[in-house]
Amino acid sequence: MWAAIAATQRRWPSAICAVYTGDHDIDRSVLVSTVKNRFDITLQEHSLVFIYLSRRRYVLPSTYPSFTLLGQSLGSVVLAYEAFQLLVPDIFIDTMGYAFAVALCKYLFPKVPTAAYVHYPTISTDMLESLDDKTGAKGMHSGAGTGLKGKGKKNYWRIFAWLYGWTGRQIDVVMCNSTWTQGHIRQLWKPRRDPSSFAAVVYPPCPVEELQAKISVTPESERAREDSILYIAQFRPEKNHSLILQAFAKYYRSSNKKPKLVLIGSVRTNTPDEKHIYNLRLEARELKINEATTFICDAPFSVILQHLQKSSIITNGMYSEHFGIGNVEGLAAGLIPVVHNSGGPKLDIVIPYEGEIIGYLTESDQEYADAFAKVASLDAQQRYAMRVRGRASTQRFSEAVFAKKWIEQMETLVEMAESTTVSP
Amino acid sequence: MAASSFVALLAIIPLLPFLGLWLVKLSMRVVGWSLESEGRDRRAAIIAKIVKDRNAVSAGHHLSVEADEGWEKIERTGTAENGQPLRNTWDGIVGFFHPFWYLP
């Protein structure tokens, strides 16, 4: 997001970037310096303005105990209306998944070009299909479509998907963070224009350059790497840490090298996630891998860097992860990915580079365990070559590539804005 | 005569949903116009403030002194044709709808 604003400011120095936010405590100069220090992104403070919104409660999931998807979507319309009461922009961009807000803009101001950068669809065809799943392996709602309540849920989701599709079709420029998201958006929004050119993939900016500079991948560093598996993800149920624990337990029992598992992630305070991580620790104990498993909550970047430098494998357990920035970070640091055979990891990240594989796609705990063993048993030179290939493949996720692609899409919007200004 | 009027009325019925939609669209545009006109002064004030800040900064030093390599790359990504200089004079407002900031 910061990178998008910075790229826009640099390309059009006279433009004004107005950010509609619900955080009233944001101070412009403090924010600009924090962004500089934390992400090394330079924002032009004098071209940035914050428009403070007071109706953010309407988009909080806690406001809608039932019908949350619909409630939040209609709430975003209320919030967007407040935004337009405060300032009508010349181009309107949503980067947080509020398609209904963008549609409102199009209907209120047909001449204002609109864009959406979609990180994940509000509802996906995978979600709809998972209701009928009988394996229990398709995410949070797996198999929840049975019984009267389940059928009601299914119909509600279908109606919502139709409504979501209609709003999506009102948006002028659509960008998606991954091929997986693009596929779902094309399916749900069913554009009238040529579907093959609808919704460009713009990968989110990953700190590839920084990781390449700070973490060495050399024959010497290879000798320092341990038989350690790293999983970087928030401690939330859908990240499926449990699958990784079970897979690691199988691998641990079959290996004589005393491998380690390191789980790094943030825990949202005052949420069920706090209990979730407690249960994961219990599970590690029950699987008798607690001494080989390390849980690290809210680790600073320096600690993450240490583990990226000394671990061998990066893993993830989530079904249909939309993109998977943690996997890209691992790859850029030279780790070999052993990831779920779905979503962004399958379609965008762990794909062969120059005709050779850079990691392994797996599904069951046994497949994960086998892939962990496979990496450990690779010839040292083969393993090193795979790390080098993986790192080289991450160039397409760099901040420079993001800025280039973002500007390409922005140029379309600016051309539209200029044409509406010039025409009588 | 009455029969033909009745038939004509019947023929209009299928058009009513379209008329309804058209009315909804029109009323939303009216709301849009009113939002634009009510917010015109505020918008002008925001632009004036930005221009003032910008002038104050540019009086101190030129805007583009910090052209590091990354930024140069972005500038080169523009699609100027026939060797024409890149048009970068657009001075409109880009609104980013971002109700939540997550700063670590």
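The values are calculated or read from the model by the stated rules, or taken from the named source; none is laboratory data. Computed from a predicted model, the values in this text were never measured in an experiment. Backbone-built Cβ (ideal geometry, glycine too); neighbour counts: all protein chains shown.
Can we say A:ALA199 is among the small types (Gly, Ala, Ser), in contact (Cβ under 8 Å) with a residue 24 or more places away in the chain and under 28 Å from A:ILE5 (Cβ atoms)? Let's see the steps before the verdict.
On the way: among the small types (Gly, Ala, Ser): yes; in contact (Cβ under 8 Å) with a residue 24 or more places away in the chain: yes; under 28 Å from A:ILE5 (Cβ atoms): yes.
Considered against the rule, which asks whether it is among the small types (Gly, Ala, Ser), in contact (Cβ under 8 Å) with a residue 24 or more places away in the chain and under 28 Å from A:ILE5 (Cβ atoms), A:ALA199 comes out as yes.
Output the residue which, of all residues in the range A:47-59 that are facing another protein chain (nearest Cβ under 7 Å) and modelled with pLDDT under 90, is nearest to A:PHE84 (Cα to Cα).
Taking the range A:47-59 as the starting set, the residues that turn out to be facing another protein chain (nearest Cβ under 7 Å) are A:47, A:49, A:53, A:56, A:59.
Going one step further and asking which of them are modelled with pLDDT under 90, we end up with A:56, A:59.
On the way: A:ARG56: 14, A:VAL59: 16 Å.
Looking at the filtered set, the residue picked out is A:ARG56.
Residues in the range A:307-361 that are surrounded by 24 or more Cβ atoms within 10 Å (Cβ to Cβ), of a type in the set (Val, Ile, Thr) and not in a loop (DSSP other than H, G, I, E, B): how many?
8
Six or more apart or on different chains, Cβ atoms under 7 Å: show the pairs whose first residue is in the range A:16-44 and at the interface with another protein chain (Cβ under 7 Å from one of its Cβ atoms) and within 12 Å of A:TRP2 (Cα to Cα) and whose second is modelled with pLDDT under 85 and not in a loop (DSSP other than H, G, I, E, B).
A:THR42/B:GLU66
Take the residues in the range A:368-415 that are hydroxyl-bearing (Ser, Thr, Tyr) and touching a helix residue (DSSP H, G or I) at 6+ places or on another chain (Cβ under 6 Å), then tell me which one is nearest to A:PRO13 (Cα to Cα).
Residues of the range A:368-415 that are hydroxyl-bearing (Ser, Thr, Tyr), as a first pass: A:368, A:377, A:384, A:393-394, A:398, A:412.
Still in the list and also touching a helix residue (DSSP H, G or I) at 6+ places or on another chain (Cβ under 6 Å): A:368, A:384, A:394, A:398.
Working: A:TYR368: 49, A:TYR384: 45, A:THR394: 30, A:SER398: 23 Å.
Per the stated criteria, the residue is A:SER398.
Any idea which of B:LEU10, B:LEU23, B:LEU19, B:LEU15 is modelled with pLDDT of 90 or more and assigned to a helix (DSSP H, G or I)? Steps first, answer last, please.
On the way: B:LEU10 fails: modelled with pLDDT of 90 or more; B:LEU19 fails: modelled with pLDDT of 90 or more; B:LEU15 fails: modelled with pLDDT of 90 or more.
Within the list B:LEU10, B:LEU23, B:LEU19, B:LEU15, the selection yields B:LEU23.
Take A:ARG391 and tell me if it is at negative phi, touching a strand residue (DSSP E or B) at 6+ places or on another chain (Cβ under 7 Å), among the basic types (Lys, Arg) and outside any loop (DSSP other than H, G, I, E, B).
Values: at negative phi: yes; touching a strand residue (DSSP E or B) at 6+ places or on another chain (Cβ under 7 Å): no; among the basic types (Lys, Arg): yes; outside any loop (DSSP other than H, G, I, E, B): yes.
No: the conditions fail for A:ARG391.
Is it the case that some residue within the range A:368-377 is within 20 Å of the chain's Cα centre (by Cα) and among the small types (Gly, Ala, Ser)? Break it down stepwise before answering.
Quick first cut of the range A:368-377, residues within 20 Å of the chain's Cα centre (by Cα) only: none.
No, the range A:368-377 has no match at all.
Does the range A:238-249 include one or more residues that are surrounded by fewer than 21 Cβ atoms within 10 Å (Cβ to Cβ), out of contact with any Phe, Trp or Tyr (no Cβ under 9 Å at 6 or more places or on another chain) and modelled with pLDDT under 95?
no
Of the residues B:ARG76, B:ARG43, B:ARG87, B:ARG54, only one is facing chain A (nearest Cβ under 7 Å) and at pLDDT below 90; which? Even if it seems obvious, please write down each step before you answer.
Working: B:ARG76 fails: facing chain A (nearest Cβ under 7 Å); B:ARG43 fails: at pLDDT below 90; B:ARG87 fails: facing chain A (nearest Cβ under 7 Å).
Only one candidate passes the filter, namely B:ARG54.
Yes/no per residue for (1) among the charged types (D, E, K, R); (2) over 18 Å from the mean Cα position of the chain (by Cα):
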site	(1), (2)
A:LEU331	no, no
A:GLU363	yes, yes
A:ALA380	no, yes
A:ALA385	no, yes
A:TRP406	no, no
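Here is a check on your reading of the model: is A:VAL59 surrounded by 17 or more Cβ atoms within 10 Å (Cβ to Cβ) and in contact with a Pro (Cβ under 7 Å, 6 or more places away or on another chain)? Show your work before the answer.
Values: surrounded by 17 or more Cβ atoms within 10 Å (Cβ to Cβ): yes; in contact with a Pro (Cβ under 7 Å, 6 or more places away or on another chain): yes.
The answer is yes for A:VAL59.
Can you name the residue in the range A:122-150 that is of a type in the set (D, E, K, R) and either at pLDDT 65 or above or over 24 Å from A:HIS241 (Cβ atoms) (or both) and is also surrounded by the fewest Cβ atoms within 10 Å (Cβ to Cβ) among such residues? Walk me through it before giving the result.
First pass over the range A:122-150, keeping only residues of a type in the set (D, E, K, R): A:126, A:129, A:132-134, A:138, A:149.
Retained after the next criterion (residues that are either at pLDDT 65 or above or over 24 Å from A:HIS241 (Cβ atoms) (or both)): A:126, A:129, A:132-133, A:149.
Values: A:ASP126: 19, A:GLU129: 13, A:ASP132: 14, A:ASP133: 16, A:LYS149: 10.
Restricting to residues being of a type in the set (D, E, K, R) and either at pLDDT 65 or above or over 24 Å from A:HIS241 (Cβ atoms) (or both), the top hit is A:LYS149.
In this structure, is A:ARG268 in contact (Cβ under 8 Å) with a residue 40 or more places away in the chain and not hydroxyl-bearing (Ser, Thr, Tyr)?
Here the answer is no, as A:ARG268 does not meet what is asked.
If you scan the range A:73-102, which residues turn out to be among the polar types (S, T, N, Q) and within 11 Å of chain B (Cβ to nearest Cβ)? Give the steps one after another, and end with the answer.
Taking the range A:73-102 first, the residues among the polar types (S, T, N, Q) are A:73, A:76, A:85, A:95.
Once the filter is applied, which keeps residues that are among the polar types (S, T, N, Q) and within 11 Å of chain B (Cβ to nearest Cβ), the range A:73-102 yields A:SER76, A:GLN85, A:THR95.
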